[in-house]
1. For segment 1-46, enumerate the residues that are of a type in the set (A, V, I, L, M), in a helix (DSSP H, G or I) and in contact (Cβ under 8 Å) with a residue 24 or more places away in the chain.
2. Kindly indicate whether any position in segment 178-200 is of a type in the set (Lys, Arg), more than 15 Å from residue 99 (Cβ to Cβ) and touching a residue at least 12 places away in the same chain (Cβ under 8 Å).
3. Would a scan of segment 153-168 turn up a residue that is at pLDDT below 85 and more than 30 Å from residue 4 (Cβ to Cβ)?
4. Please give the number of the condition residue 123 fails out of (1) touching a strand residue (DSSP E or B) at 6+ places or on another chain (Cβ under 6 Å); (2) of a type outside the set (Gly, Ala, Ser); (3) closer than 15 Å to residue 4 by Cα.
5. Could you pull out the residue among 162, 154, 98 that is buried (at least 17 other Cβ atoms within 10 Å of the Cβ) and hydrophobic (A, V, I, L, M, F, W, C)?
6. With respect to residue 86, determine if the residue is of a type in the set (A, V, I, L, M), surrounded by fewer than 17 Cβ atoms within 10 Å (Cβ to Cβ), over 30 Å from residue 194 (Cβ atoms) and modelled with pLDDT of 95 or more.
7. Among the numbered criteria (1) of a type in the set (A, V, I, L, M, F, W, C); (2) more than 26 Å from residue 166 (Cβ to Cβ); (3) crowded, with 16+ Cβ neighbours inside 10 Å; (4) modelled with pLDDT under 95, which one does residue 36 miss?
Amino acid sequence: MSTGKLIVFEGIDGMGKSSQLALLADVLRQRGLPVATTHEPTDGPHGLAIREMFKARDRFRPEDELAAFIADRRQHVAEFLRPRLAAGVHVLCDRYYLSTIAYQGAQGLDVPAILAAHDFAPQPDLALLLDATPGVGVARIQRRGDTPNDFERLETLAKVRLVFSTLSCPFIRRIDASQPFQAVHRQILEVTLPLFAERQS
């Protein structure tokens, strides 16, 4: 049995990652492909601890946040990602280690060091980096009735977007997320479906 593909959705907040992931999962399932969806931080003990940290971020150092994200990801990789990929299931993940690199890098941590700390994590077959200006992201967050948190402020998102823009991993495909939802979906299909062409031929 061939291994599954790992497709991750990355980008600053307000880019529509979760909605686009769900729509892509539907398309792939309609084509008869086995698909599992997931997200980070997870709903496991480390992921829940991260959410608690977010409620009082001034009490924690960026290094503390990074350690929590890595612990959560180690468990996620061991208990969810690797077993499903090995079983031939295609996994769509809402945020992965590129987000950790961008968000913690924006706080001043060393980007190459963060990447090196993820040598245990499977490399994505495709990272869909949804990109638009922070103003677009914040406007969408507000339109859905949410109050921007510490990560969702214009200044923070600008720093995070800058780090994302410096990443040059070969599996990254940048998607113009400023366009209407269906136009973004079409872009995603254009770069995603070729991954499965061989299996379907």
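The values are calculated or read from the model by the stated rules, or taken from the named source; none is laboratory data. What you see is a predicted model; the values in this text were computed from it and never measured. Neighbour counts are summed over all protein chains in view; Cβ atoms, including those assigned to glycine, are modelled from backbone coordinates with ideal geometry.
1. Of everything in segment 1-46, those that are of a type in the set (A, V, I, L, M), in a helix (DSSP H, G or I) and in contact (Cβ under 8 Å) with a residue 24 or more places away in the chain turn out to be 21, 23, 24, 25, 27, 28.
2. yes
3. So the first thing to find is which residues in segment 153-168 are at pLDDT below 85, and the list is 153-154.
Next, from what is left, pick out any that are more than 30 Å from residue 4 (Cβ to Cβ): 153-154.
Within segment 153-168, one or more residues are at pLDDT below 85 and more than 30 Å from residue 4 (Cβ to Cβ).
4. Of the numbered conditions (1) touching a strand residue (DSSP E or B) at 6+ places or on another chain (Cβ under 6 Å); (2) of a type outside the set (Gly, Ala, Ser); (3) closer than 15 Å to residue 4 by Cα, the odd one out for residue 123 is (1).
5. Checking each option against the conditions leaves just 98.
6. No; evaluated as a whole, the condition is false for this residue.
7. So residue 36 meets the others, but not (4).
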